[in-house]
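For reference, the structure discussed in these notes is given below.
The values are calculated or read from the model by the stated rules, or taken from the named source; none is laboratory data. No experiment lies behind these values; they were computed from the predicted model shown. Ideal geometry is used to build each Cβ from the backbone, glycine not excepted, and the neighbour counts take in all protein chains shown. Just the protein is used for accessible areas: all its heavy atoms, side chains included, with ligands, DNA and RNA removed. Shrake-Rupley method; radii C 1.70, N 1.55, O 1.52, S 1.80 Å.
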Amino acid sequence: MSTSHRPAAAGAVDPVHHRIDGALHQLASLGGDLVGHANRIGAILWSPPRVVVTGRLKAGKSTLVNALIGAPVAETAALEATNVVTVYENGAPSRAEVVLLDGDRRPVPLSLGATVDVGVPTAEVAYVQRYLPSHALARITLVDTPGLATLTVANAAATERALIDGFEQTRSASVDADAAVFLFDSMPRTDEVDFLQRLGFTPLNTLGVLSRADGFGRGVLGRRDPLGHAAEHAGVLARRLSGTVGTVVPVAGLLAQTAHTGAFTDADARALAALDPFAPLELFDLLDADPGALPVPRDVVWRLLELIGEYGVVHARGHTAGGAHQVNEWLSSVSGIGPLRSVLDQSVRRFAVLHRAGRIVSELDSLAYTHPARDSIRQIVSALRTDPALTPVGLLRALRSLLQTDPAAPVVEELTQVLRGTTIAESLGCDPASPPDRLRAVARERLVAVQAQTLSTRSAGEDAALAALTQAYTVVARGQ
Ligand SMILES: Nc1nc2c(ncn2[C@@H]2O[C@H](COP(=O)(O)OP(=O)(O)OP(=O)(O)O)[C@@H](O)[C@H]2O)c(=O)[nH]1
Ligand SMILES: [Mg+2]
């Protein structure tokens, strides 16, 4: 099969990918239209995982998307709300397509400033697909969504339409998200949390972001530093929302967007330096003062506020000696974008990849169900499912269905721990220095405990979860 989707510098190939790739080669070797199917499914395997950014209206979603991409492509004006789901994917040349509810795609022109005029009523749009060349997008495809708010049912419907398979549409019009970034600037409301769960995300592939951290609490003029305060509060929210998100990272998206899109110039740095002599309170009073009293024109002060907010204007003044470059470095370092990127790149990406592998196995399953060569395809799929390399895929699939159908089942916690571990010792909750013999013994004990539980399950979801755990512990007990 074609390997054209494989990233050039993939490095060491993940065992899950390797095993699925092998199964797709077997599928293609059956010939006929199965070559095309293998290529179609292979394209899913080799394209970057898709991460959806969701949250309340004006939480700063589009700003964060721009910051992560490093280009001002998503609309963020204070009055300009995002009204369609937009998928940002690595690709050249820079272009956009609108995907209609029936799966039909049409190219749409990019107007000045790179905004997209879709040219069809938004109710007919599944999503907009925007391609642009970007290093960040080579690792992760980002999906921006319209904000959630009690009064805008249409926005929630637009996101659900684009994200949930088979929701009033054909599968070809679904964006197939593998993970979520959930933004909130205070404790999210229950309807927002419910919404996220309806989309099928688990705490393993959902990252919480405490957004607008630069304005947290009473903001820059308050007694406490808003960024430090936000970091502390992020810890509190992470504990309260542990059933929804894996962790909560505080981020000042505006500062990161400005630092990473080249919007801040040396002239801005000089204007900022000219404001250095003023105390923070005086600084904001200046905006109402007689223009003659201002060291820089008033519209320049407004521009600075728009670029870096009140927190930036007050604190970046001490970092202007090296011009725009130094200011940008400082903005980036305090914005929280670095820690956010590393969580996205590690745990979120890891579970997104597993989630995506699960989708591929489901695609193969449905092919085995409908295709005339079903017997040969079934053999390939069942060998794949029982392969030790795919154990975490089965565990994640079991966890997802359990969270949808029976979230209070006792086995949820055990599944989560086994999946979260990045080593066998972590998965089993053992001391990292445990010798292999000890790990095998613990796995055998767990197998006995799981088998005892299979006698008294409450649901089919629990049965499936125990079967997945049995497979996982058996792999360890046998030392595979
Ligand atoms: N001070 C500050 N302002 C921010 C931050 N992030 C976003 N904003 C501002 O908040 C407003 C809304 O930001 P957007 O990124 O458009 O928010 P959104 O969630 O995409 O909004 P909708 O698409 O309308 O739901 C803009 O004026 C941003 O400049 C931040 O970290 N700090
Ligand atoms: Mg937006």
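Please report how far the C-alpha centroid of the range 35-53 lies from that of the range 248-306, rounded to the nearest whole angstrom. After rounding, the separation between the Cα centres reads 44 Å. The value of relative contact order for the range 393-480, using C-alpha pairs under 8 Å at least six residues apart, is 35 percent. One Cα centroid belongs to the range 179-196, the other to the range 371-431; the line between them spans 26 Å.
Other residues lying with their Cβ under 14 Å from the Cβ of Gly228 contribute a combined charge of 0, Lys and Arg counting +1, Asp and Glu -1.
Just want to confirm a number: the relative contact order over the range 258-335, from Cα pairs under 8 angstrom separated by 6+ residues, in percent.
Relative contact order here is 49 percent.
Using +1 on the beta carbon of Lys and Arg, -1 on that of Asp and Glu, and nothing else charged, what's the dipole of the range 196-259 about the Cα centre, debye to 20? Numbers along the way, then the final one.
Working: 7 positive and 3 negative charges, 43 e Å.
With Lys and Arg at +1 and Asp and Glu at -1, about 200 debye.
Computed over neighbours whose Cβ is under 12 Å from that of Pro250, the net charge equals -3, Lys and Arg +1, Asp and Glu -1. Take every Cα pair under 8 Å whose residues are at least 6 apart in sequence, average their separation, divide by the length of the chain, and the relative contact order is 14 percent.
Carbon and sulfur: what percent of the chain's accessible surface (1.4 Å probe)? Of the solvent-accessible surface of the chain, carbon and sulfur hold 55 percent.
With the other protein chains left in place, how much accessible area per residue, in square angstrom, belongs to the chain at a 1.4 angstrom probe?
On the way: 21790 Å² over 480 residues.
Solvent-accessible surface per residue comes out at 45 Å².
Projecting the Cα atoms of Thr82, Val448, Pro226 onto the charge dipole of the chain (Cβ charges, centred on the Cα centre) puts Val448 farthest toward the positive pole. All other residues whose Cβ lies under 14 angstrom from that of Gln197 are scored, Lys and Arg at +1 and Asp and Glu at -1, for a net of -2. Could you give the size of the charge dipole of the chain about its Cα centre, using +1 on the Cβ of each K and R and -1 on the Cβ of each D and E, expressed in debye and rounded to the nearest 20? That gives the chain a dipole magnitude of about 1220 debye.
State which stretch of the chain is the longest one without any exposed trypsin sites (Lys or Arg not before Pro), exposure meaning a DSSP loop state and at most 16 other Cβ atoms within 10 Å.
Values: sites that count: Arg189, Arg218, Arg223, Arg224, Arg458, Arg478.
So the longest stretch without any such site is 225-457.
Once the mean of 1/r is taken over each pair of separate Cα atoms and inverted, the chain shows a Kirkwood hydrodynamic radius of 24.5 Å.
Applying 0.36 nm per residue to the separation of Arg189 and Arg374 and subtracting their alpha-carbon distance, the gain on full extension is 61.9 nm. Exposed loop sites are taken as GluC sites (Glu not before Pro) in a DSSP loop (any state but H, G, I, E or B) with at most 15 other beta carbon atoms within 10 Å; the longest stretch of the chain without one runs 169-480.
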